[in-house]
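Before any comments, here is the structure.
Please treat every number below as a calculation from the coordinates, not as lab data. What you see is a predicted model; the values in this text were computed from it and never measured. All Cβ positions, glycine included, derive from the backbone under ideal geometry; neighbour counts span all protein chains shown.
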Amino acid sequence: MMIKKLVNYIKNDELKIICTNMSVNIINYDVIMDVEDTYVRLLHNNKQLLIKGNNLKLNKLLDREILITGNINKIEL
């Protein structure tokens with residue numbers, strides 16, 4: 001049972017979006033499509049995720065995890 005939980009945790013590919021003050025942490029995205037000062041466009045399971053705002057900057061955390069900082073106005077899926 002414990003091993004099954006561990007394998008599920010490691011193999012989890014569910015998209016996760018964690019919003020905090022002035023940042024968005026995105027886990028398990030597939031591809032970064034566009035990066036501009038006013039928007040970032042990502043792809044997950046052939047669906048686009050669009051983050052809009054001003055002064056947006058990317059910080060790569062892990063292999064499929066990214067932190068976007070700046071004045072975030074809108075997140076569209």
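The number of residues in region 34-77 being of a type in the set (S, T, N, Q), surrounded by 13 or more Cβ atoms within 10 Å (Cβ to Cβ) and not in a strand (DSSP E or B) comes to 1.
If you go through region 31-61, how many residues are out of contact with any strand residue (DSSP E or B) (no Cβ under 7 Å at 6 or more places or on another chain) and either touching a residue at least 24 places away in the same chain (Cβ under 8 Å) or of a type in the set (Lys, Arg) (or both)?
Applying the first criterion (out of contact with any strand residue (DSSP E or B) (no Cβ under 7 Å at 6 or more places or on another chain)) to region 31-61 yields 36, 44-47.
Of the ones still in play, those that are also either touching a residue at least 24 places away in the same chain (Cβ under 8 Å) or of a type in the set (Lys, Arg) (or both) are 44-45, 47.
Looking only at that region, the number is 3.
Starting from residues that are surrounded by fewer than 12 Cβ atoms within 10 Å (Cβ to Cβ) and not hydroxyl-bearing (Ser, Thr, Tyr), keep the ones in region 20-33 and report whichever is farthest from Glu76 (Cα to Cα). Taking the candidates together, the pick is Asn21.
Among the residues of region 34-77, those that are of a type in the set (A, V, I, L, M), farther than 22 Å from Asn12 by Cα and out of contact with any Phe, Trp or Tyr (no Cβ under 9 Å at 6 or more places or on another chain) comprise Val35, Val40, Leu58, Ile72, Ile75. For region 1-33, taking the residues that are within 18 Å of Asn71 (Cβ to Cβ) and assigned to a strand (DSSP E or B), the one that is farthest from the chain's Cα centre (by Cα) is identified as Thr20.
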